[in-house]
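What follows is one structure encoded as structure tokens, with my remarks underneath.
The numbers here are math on the coordinates, done by the rules we state, and not lab data. What you see is a predicted model, and the numbers here were worked out from it, not measured in a lab. Cβ atoms come from the backbone with ideal geometry, glycine included; neighbour counts cover every protein chain shown.
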Amino acid sequence: MKTVKFEYVWLDGHETPNLRSKVKVVEWMPKEDIIVKNLPMWNFDGSSTNQAPGSASECLLKPVRIYPWNMNYYIVLCEVQNIDGTDHSTNARSGLRKLIKNADQEEFWWGFEQEYFVTKDRIPLGFPQGGYPKPQGLYYCGVGGNQVRARGLVETHLTTCLGMDIFLTGTNAEVAIGQWEYQCFAKDTLKACDDLWVSRYVLYRLAEEVELDIDISPKPVPGNWNGSGCHTNYSNKFMREEGGKKWFMNLLDRLKSRHADHILAYGKDNSSRLTGKHETQHMDKFSWGVADRGASIRVPFQVEQNDWKGYIEDRRPAANCDPYQVARLILETTLDDQYTIQSESSGDKAPGKK
Ligand code: MG
């Protein structure tokens, strides 16, 4: 019998969500019919994923985005719902989705810089059992077996994601050995966040095939080694086309005043990474600076040179952050500010203002 395989992927209920998946085989359907609304709902045992008690364990999977993987094999990102069809309390995507209904006209663009370590038996590649390699210095963007490990995996990941319509704009070896980064870009907020989650899934999956694993915790190696972040670059149409110094200063004030809220949602154990060293600002402080990689927020020098038009980089999110949470907070903080300033200058209600 000719069939199509759909691998349903979802986020579990742990404090730092893990990716879970299971495969559904269905009777063959033509390619043009493979769209989200034609895929069946499914269910899973929520008592095994921290999402339900054993006595009422069923949770629902609602397909929300389809990615081609292999011939007649698709990765299907799903939202988790309760048995009555309402959004499950662990479904952070639904919160962002509702917010976007009011914000999608703002045309946000997102560039996530996902850092990670490649590990074998829980130890980063290049680290000897019970010891340390040479100190940091030559590993960043390095070449050769003493500087860089697992390049083959990184390149396979890049090619695979591009083939799945996930726009990775680049990769590089990072500051510690065994540590890498890729950049994931999209001009649509939900797609940007979905793509980041699915690109992580693909990375775990490809690593598993060669008996390696991926560690996105913020500080896998204590001491004088860089941690892993998920620097979040973003802009919206207003920032790119109008902006202005006054507007940006106001945004930065707003980000400062909501610093604690952002930090709470920017990844577990981020305090081990945001120490004020290794190109980070201390978690308890907020700062911004033009071209400053030791600040909470970096304003690229091109923005200052271009009459304060362009994007900013939030350097606080940890590598294990949930992009749905990060994007939701950034949208809320950015849009509040934009509306205030626009209303002041034009005397009009800003477009999209509720
Ligand atoms: Mg980096």
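Here the extension length gained between N70 and V290 equals 74.8 nm, from 0.36 nm per residue of separation less the Cα-Cα distance.
Of all the options K309, K120, K22, the one that moves most in a Gaussian network model of the chain with Cα springs shorter than 10 angstrom is K22. Between K101 and V143, the FRET efficiency from the beta-carbon distance, with R0 = 56 Å, is close to 0.75. Listed by chain and number, the lysines placed with their C-alpha closer than 25 angstrom to that of K22 are K2, K5, K31, K37, K62, K120, K191; residues fewer than eight positions away on the same chain are left out.
Applying Stokes-Einstein at 10 °C and 1.306 mPa s to the Kirkwood radius of the chain, computed over alpha-carbon pairs, gives a translational diffusion coefficient of 74 µm² s⁻¹. Estimated at 0.36 nm per residue, the fully extended path between R151 and V210 surpasses their Cα-Cα distance by 20.0 nm. Comparing mean-square fluctuations of M71, M239, M283 from a GNM of the chain with C-alpha springs under 10 Å, the top value falls on M71.
For the pair A56 and E332, the difference between a 0.36 nm per residue extended length and the Cα-Cα distance amounts to 95.9 nm. Distance from the C-alpha centroid of segment 8-75 to that of segment 214-287: 32 Å, rounded to the whole angstrom.
Assuming R0 = 35 Å, can you tell me the calculated FRET efficiency for the pair S272 and S48, based on Cβ-Cβ distance, to the nearest 0.05? Walk me through the numbers on the way to the answer.
Numbers: r = 29 Å, r/R0 = 0.83.
It comes to 0.75.
Only four residue types carry charge here, +1 at the Cβ of Lys and Arg and -1 at the Cβ of Asp and Glu. Report the dipole size of segment 3-90 about the Cα centre in Debye, rounded to the nearest 20. Write out the running numbers ahead of the final one.
On the way: 8 positive and 11 negative charges, 59 e Å.
It works out to roughly 280 debye.
Inter-label distance, S89 to D33: 4.0 nm, where each label sits 7 Å from its Cα along the C-beta direction. Among E208, E107, sorting on how many other beta-carbon atoms sit within 10 Å of each Cβ, with the fewest leading, yields E208, E107. The H on the amide N of G142, modeled in the peptide plane, is under 5 Å from the matching H of A173, each at least 5 residues off or on a different chain.
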